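Colleague: Before anything else, here's the structure in question.
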Amino acid sequence: MPKSIHFISIGGSAMHNLALALQQQGHTVTGSDETIYEPSKTRLQQYGLLPAETGWFPDKITTAIDVVIVGMHARNDNPELAKALELGLPVYSYPEYIYQQSRQKQRVVIAGSHGKTTITAIILHVLKYHNRVFDYWIGEPVHGFDTTVRLSSQAPLVIIEGDEYASSPIDSRPKFLHYQPHIALISGIAWDHINLYPTWEDYVDQFESLAEAMPKAGILIFDESDDMLDVIGQKERADITKIPYFPHPSETTNGKTHLITKQNNRIAINLFGQHNLKNIAGALTVCDHIGITEEQFYQAIPTFTNVSKRLEKIAENNGRVVYRDFAHSPAKVEATTEATKQKYPDKRLLAAFELHSSNNLNNSFLTQYKDTMDAADEAVVFMDAHSLNDKMSVDSTDITKAFDRPDMRVFTSVSAFQDYLLQQRNSFQVFLLMSSSSFGGIDVEGLAHQLA
């Protein structure tokens, strides 16, 4: 039955995609937000969901609304939220709502500090390749899918990327704890989100809670090579099946990676790097438990192209190549840098990384970046002095010491950073740009084409 659904903070990446998906199901969708950026703004406008004006309007909240979904970027004193609670309306975070709509489905959750988006995307690609009916939620756009979420009444299965970040301004529990998965995969654990989890132990506890909260007869799939996951995976729980996975066997010839199957066949793929071989193995293990055979998996995987901003090649010309990656945590920076150097062992690699979060600039956390960029022939760190201003409590000496690279170059000026990269055009053949932000607003693709 169609419902009236109101979104508080509709402009968020997850929120606006869920709003579009629910509108497509025939629900009446409204929303509010104080700021809406691209691409959310254009997409909401295209479907008639862009609020007429920005801001919060408690008068929008009436008893005619069936459901209120509140985004993480709203404050806990949001006036629309206060009105909804006052009226006793059903208020959900988006993970709570996804669970409510998926209670009768087989729920598969892909969690972990790194790799979860790629693993989820591979599973979605394989299912779509074989025309399976399924619902999903993923954190980034995937080639071949119009939205990042699909909820339907027909699909017997839902694949969910499980984030460990807080669920909503009034619910600090990790998103993945709401989903109660029948199958859970944990890809790796590396301390992150220190504003919520100030210690390593606090962070790990969330994943232990996920494993412990699984329903009876659940399946826990985990990366055997991650020491912490080995502890979680081997905890006593007789009613849970625990399945470790390892990097998929492979070989690289002339820069092209091939999977080696049990039958000793070679399957050419578009991904590269040890971390992606783990991602493929994890996805294969999940697929095996949701009705996809190994043969079917290997039929689909050659046509999988990486998720946007995950080791994405954005320029190539005359022997030079430029990649960008969403890497921001120490584990991601290390895996991405090593993978790129392994693919181009005979070419000089310049790796540039943006430290943009004040949390990551915390001196107690910064040391986690030690040795993470050692694989690069030259390492560059950028911090946007304009956006960080008084939050920037470290200087270039602190950075080089934390990374343990005395030769590291550190920039706080956008123009100086960009000029330096362009000056290195003839000294390096491979450029790797890593950031979960925008390098101070640089046109990254334009810069990449200049470098190449």
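Colleague: Determine whether the stretch 249-268 contains at least one residue that is surrounded by 15 or more Cβ atoms within 10 Å (Cβ to Cβ) and under 30 Å from LEU210 (Cα atoms).
Modeller: First pass over the stretch 249-268, keeping only residues surrounded by 15 or more Cβ atoms within 10 Å (Cβ to Cβ): 250, 257-259, 261, 267.
Add one more test, that the residue is under 30 Å from LEU210 (Cα atoms), and what stays is none.
Scanning the stretch 249-268 turns up no residue that is surrounded by 15 or more Cβ atoms within 10 Å (Cβ to Cβ) and under 30 Å from LEU210 (Cα atoms).
Colleague: While we're on this one: Of the residues that make up the stretch 83-105, is at least one among the small types (Gly, Ala, Ser) and more than 24 Å from PRO174 (Cβ to Cβ)?
Modeller: The answer is yes, given that some residue of the stretch 83-105 is among the small types (Gly, Ala, Ser) and more than 24 Å from PRO174 (Cβ to Cβ).
Colleague: Is at least one residue of the stretch 415-429 modelled with pLDDT of 95 or more, closer than 20 Å to GLU334 by Cβ and outside any helix (DSSP H, G or I)?
Modeller: yes
Colleague: Report, by residue number, each residue of the stretch 120-174 that is closer than 26 Å to VAL204 by Cβ and either aliphatic (A, V, I, L, M) or not assigned by TED's automatic domain parsing to the domain that holds LEU196 (or both). Break it down stepwise before answering.
Modeller: Keep residues of the stretch 120-174 that are closer than 26 Å to VAL204 by Cβ, which gives 120-123, 137-140, 159-174.
Those that are closer than 26 Å to VAL204 by Cβ and either aliphatic (A, V, I, L, M) or not assigned by TED's automatic domain parsing to the domain that holds LEU196 (or both): ALA121, ILE122, ILE123, ILE138, ILE159, ILE160, ALA166, ILE170.
Colleague: Please work out which residue is surrounded by the fewest Cβ atoms within 10 Å (Cβ to Cβ), limiting yourself to the stretch 292-324 and to residues that are assigned to a loop (DSSP other than H, G, I, E, B) and in contact with a helix residue (DSSP H, G or I) (Cβ under 9 Å, 6 or more places away or on another chain). Break it down stepwise before answering.
Modeller: Going residue by residue through the stretch 292-324, those that are assigned to a loop (DSSP other than H, G, I, E, B) are 292-293, 304-311, 318-319.
If we keep only those that are in contact with a helix residue (DSSP H, G or I) (Cβ under 9 Å, 6 or more places away or on another chain) too, we end up with 292-293, 304-307, 310-311.
Numbers: ILE292: 21, THR293: 11, PHE304: 22, THR305: 15, ASN306: 23, VAL307: 21, ARG310: 22, LEU311: 25.
Result: THR293.
Colleague: Next question. Restricting attention to the stretch 52-70, report how many residues are in contact (Cβ under 8 Å) with a residue 24 or more places away in the chain and either outside the structural domain of THR28 (by TED's automatic domain parsing) or farther than 11 Å from HIS6 by Cα (or both).
Modeller: Going residue by residue through the stretch 52-70, those that are in contact (Cβ under 8 Å) with a residue 24 or more places away in the chain are 56-58, 60-70.
Filter once more, keeping what is either outside the structural domain of THR28 (by TED's automatic domain parsing) or farther than 11 Å from HIS6 by Cα (or both): 56-58, 63.
Looking only at that region, the number is 4.
Colleague: Please identify the pairs in which a residue from the stretch 339-352 that is over 21 Å from ASN279 (Cα atoms) and assigned by TED's automatic domain parsing to the domain that holds PHE403 has its Cβ atom under 8 Å from the Cβ atom of a residue that is surrounded by fewer than 20 Cβ atoms within 10 Å (Cβ to Cβ) and among the acidic types (Asp, Glu), counting only partners at least 6 apart or on another chain.
Modeller: Close Cβ pairs satisfying both conditions: ARG348/ASP377; ARG348/GLU378; LEU349/ASP377; LEU349/GLU378; LEU350/ASP377; LEU350/GLU378; ALA351/GLU378.
Colleague: Here's something else I'd like to know. Can you find even one residue in the stretch 334-351 that is at pLDDT below 90, in contact with a strand residue (DSSP E or B) (Cβ under 7 Å, 6 or more places away or on another chain) and assigned to a helix (DSSP H, G or I)?
Modeller: no
Colleague: So is TYR37 among the hydroxyl-bearing types (Ser, Thr, Tyr), modelled with pLDDT of 95 or more and under 29 Å from GLU164 (Cβ atoms) or not?
Modeller: On the way: among the hydroxyl-bearing types (Ser, Thr, Tyr): yes; modelled with pLDDT of 95 or more: no; under 29 Å from GLU164 (Cβ atoms): yes.
Answer is no for this residue.
Colleague: Only residues that are surrounded by 23 or more Cβ atoms within 10 Å (Cβ to Cβ), of a type outside the set (S, T, N, Q), in a helix (DSSP H, G or I) and out of contact with any Ser or Thr (no Cβ under 8 Å at 6 or more places or on another chain): list them for the stretch 95-123, please.
Modeller: Hits for the stretch 95-123 are ILE98, ALA121, ILE122, ILE123.
Colleague: For residues in the stretch 134-183 being over 14 Å from the mean Cα position of the chain (by Cα) and in a helix (DSSP H, G or I), which is farthest from GLN24 (Cα to Cα)?
Modeller: By that ranking, first place goes to LEU177.
Colleague: Also, quick follow-up: If you check SER9 against the conditions, is it within 22 Å of the chain's Cα centre (by Cα), modelled with pLDDT of 95 or more and either more than 17 Å from TYR92 (Cα to Cα) or surrounded by 14 or more Cβ atoms within 10 Å (Cβ to Cβ) (or both)? Don't jump to the end; show me each part of the working.
Modeller: On the way: within 22 Å of the chain's Cα centre (by Cα): yes; modelled with pLDDT of 95 or more: yes; either more than 17 Å from TYR92 (Cα to Cα) or surrounded by 14 or more Cβ atoms within 10 Å (Cβ to Cβ) (or both): yes.
So SER9 fits the description; yes.
The values are calculated or read from the model by the stated rules, or taken from the named source; none is laboratory data. Just so we're clear, the structure is a prediction, and the values are computed from it rather than from any experiment. Positions of Cβ are backbone-derived with ideal geometry, glycine not excepted, and every protein chain shown enters the neighbour counts.
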